[in-house]
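A.B. asks: To start, I am sharing the structure in question, which I have written as structure tokens.
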Amino acid sequence: MNSKGLIILGVIAVVAVAALVGVVAVANNANAVPAIDFSQIPQSRGEDGAFVLGSPDAPVTLIEFADFVCPHCVTYESTINQFVREYVATGQARLEYRMFPTAGGDMTRFAGQIAECAEAQQAGSFWKAYALLYDLARSGQYNQELGQRVANALGLSYAELLNCSTEAMQVSTDVEFGRAQGVTGTPAVRVRYGDGPAQILVINGQSITSGG
């Protein structure tokens, strides 16, 4: 098997383990793990605007559908962070994040609009907002003030974020995409090989569709 094939198998193994059981050690020591410097990792948008982290040459992409405040998603974030550190930051895989409101409902739709508009206002801000929104969820501050908190933390104009949010459509796009993939809850995962279509990850005949 060539090196590309080995990388794909290695990433699939990590995705499978992450989807099935999570990484308890990382979750238990989250405070001891340095924050990810997203500015050091390539960032892009998919054809439909999806937010993508990682090298465009990576052979495999993990697609995560999540709600920033969904309890299982908050727990699963430590697993995703490990995946980013080990595979995305090293150019072996990409992460495609799809905002899919479940537990957070309209508040998560608003959070996603704020994150999208943060990127529109200042390139590179989406992934910073992504990390901050999970922090707000963990600290019990995921509420009507989250937009102002994101603006303050990232040095952005809250007025511009609010104005932009009325027309931000990426959350709706992600929800439509997720429903087409059969996603009904979060966190959910799919996989993409190269630039191919999203598909269910199958390991030894077992379909893996959820994370956490």
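A.B. asks: State all residues of region 78-99 that are acidic (Asp, Glu) and assigned to a helix (DSSP H, G or I); if no residue qualifies, say none.
C.D. replies: Once the filter is applied, which keeps residues that are acidic (Asp, Glu) and assigned to a helix (DSSP H, G or I), region 78-99 yields only GLU86.
A.B. asks: If you check every pair at least six apart or on different chains, which have Cβ atoms under 8 Å apart with a residue in region 138-163 that is over 18 Å from PHE126 (Cα atoms) first and a residue that is surrounded by fewer than 21 Cβ atoms within 10 Å (Cβ to Cβ) second?
C.D. replies: Filtered contacts from region 138-163: GLN141/ARG149; ASN143/MET107; GLN144/MET107.
A.B. asks: Okay, next question. Could you count how many residues in region 52-69 are surrounded by fewer than 22 Cβ atoms within 10 Å (Cβ to Cβ) and touching a residue at least 60 places away in the same chain (Cβ under 8 Å)?
C.D. replies: 1
A.B. asks: Looking only at residues that are more than 13 Å from the chain's Cα centre (by Cα) and in contact (Cβ under 8 Å) with a residue 12 or more places away in the chain in region 78-99, which one is surrounded by the most Cβ atoms within 10 Å (Cβ to Cβ)?
C.D. replies: ALA93
A.B. asks: Could you please tell me which pairs satisfy a Cβ distance under 6 Å, a separation of 6+ or placement on different chains, a first residue in region 174-192 that is under 13 Å from THR102 (Cα atoms), and a second residue that is open to solvent by less than 20 Å² (accessible area, probe 1.4 Å) and among the hydroxyl-bearing types (Ser, Thr, Tyr)?
C.D. replies: The qualifying pairs are PRO187/TYR76.
A.B. asks: Looking at THR75, THR102, can you tell me which residue is among the hydroxyl-bearing types (Ser, Thr, Tyr), surrounded by fewer than 22 Cβ atoms within 10 Å (Cβ to Cβ) and assigned to a loop (DSSP other than H, G, I, E, B)?
C.D. replies: One residue alone meets the criteria, THR102.
The values are calculated or read from the model by the stated rules, or taken from the named source; none is laboratory data. Treat the numbers as computed from the prediction; the structure is a model and nothing was measured. Glycine gets a Cβ as well: all are built from the backbone with ideal geometry, and neighbour counts include every protein chain shown. For accessibility, only protein heavy atoms count, side chains too; no ligands or nucleic acids. Shrake-Rupley method; radii C 1.70, N 1.55, O 1.52, S 1.80 Å.
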